[in-house]
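S.K.: Before I ask anything, here is the structure I am working with.
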Amino acid sequence: MPSATPILYNQIMKDLNHPRRNNEISALDLIRRRRSIRRYTSETVTAEAIRLLLEAAQAAPSALNRRPWEFVVVTDAVRRRALSAIHRWSFMCADAPVVFAVLADAGASVHWVEDTSAAAENLLLAAAGLELGAVWVAIYTQPEREELVRRLLEIPDRLRVLCLIPVGHPAESKEPRSQYDDRKVHRERYGQPWDEHPGNGRSSP
Ligand SMILES: Cc1cc2nc3c(=O)[nH]c(=O)nc-3n(C[C@H](O)[C@H](O)[C@H](O)COP(=O)(O)O)c2cc1C
């Protein structure tokens, strides 16, 4: 078990071992708790936690189950510092004890961006579940950023670099949120407002 204060981890394991009718509540809770965390304590992330994060990432859906993803796990401080200098919003890589580089074999699937994005999101959610802090650092779609990461981590030409994900124990806390916005939802056809309470007297379109 990871050393991260694993309240949600314990809950998830309990749910998995003893499925409850309201499992989906803890899944939603986890989704709401995931926030971009950019400040970390100096505490290391255990090998078990790293393994759980990689398992979660690789449990993602992918087109034709091609699983085009690969990962480089970076803990070396010199390499992390170099990653932190790649662009203005990659600074977190210096302080996070571990940085995941999310790679894709673009030749293996035309859906490599979606597939590896699903893996990255799974990793972010699993980090939230382990009460670790993490954030998506964009590399794709900037070729010059990709080239820098490629050189720093000695990544072969056949692989693309989607993003970096620094992970550590959070040194900042953010409120869970849903960002739910009714205006983004349409009923049956575009432009017709979604009604939270169907069957309340409105006729169907
Ligand atoms: C494709 C993508 C690229 C992102 N790139 C960066 C980045 O380079 N640096 C960063 O600090 N945050 C980055 N983020 C995180 C967003 O800024 C963050 O998700 C957004 O502000 C919403 O905040 P939240 O994650 O706390 O809900 C990225 C997120 C996505 C999905």
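S.K.: State, to one decimal in nm, how far the label point of D76 lies from the label point of E55, with both points 7 Å from Cα in the Cβ direction.
M.R.: 2.8 nm
S.K.: Still on this model: Can you give the extra length, in nm with one decimal, that the chain gains between E48 and A94 once fully stretched, where that is 0.36 nm per residue apart less the Cα-Cα distance?
M.R.: Answer, rounded to one decimal: 14.4 nm.
S.K.: OK, next. For S36, project a label point 7 Å along Cα to C-beta. Then give me every residue of region 58-92 with its amide nitrogen under 15 Å of that point.
M.R.: In region 58-92, the label zone of S36 (backbone N under 15 Å from the point 7 Å along Cα→Cβ) covers 87-92.
S.K.: Subtracting the Cα-Cα distance from 0.36 nm times the residue separation, let me have the gained length for K184 to V110 in nm, one decimal. Mind showing how you got there, number by number?
M.R.: Details: separation 74, 0.36 × 74 = 26.64 nm, distance 2.80 nm.
Difference between extended and current length: 23.8 nm.
S.K.: How large is the dipole of region 40-170 about the Cα centre if only Lys and Arg carry +1 and Asp and Glu carry -1, each at its Cβ, rounded to the nearest 20 debye?
M.R.: The dipole magnitude comes to about 260 debye.
S.K.: What residues from region 63-106 fall in the zone where the backbone N is under 19 Å from a label point 7 Å along the Cα-to-C-beta line of E147?
M.R.: Hits in region 63-106 for E147 at 19 Å: 82-88.
S.K.: Quick one: Cα convex hull volume of region 10-169, Å³ per residue?
M.R.: Spelled out: Cα convex hull of region 10-169, divided by residues, is 111 Å³.
Computed from the coordinates by the stated procedures, all read-outs in this text should not be read as laboratory data. Model, not experiment: these values are computed from the prediction. For neighbour counting, all protein chains shown are included, and Cβ atoms are generated from backbone atoms with ideal geometry for every residue, glycine included.
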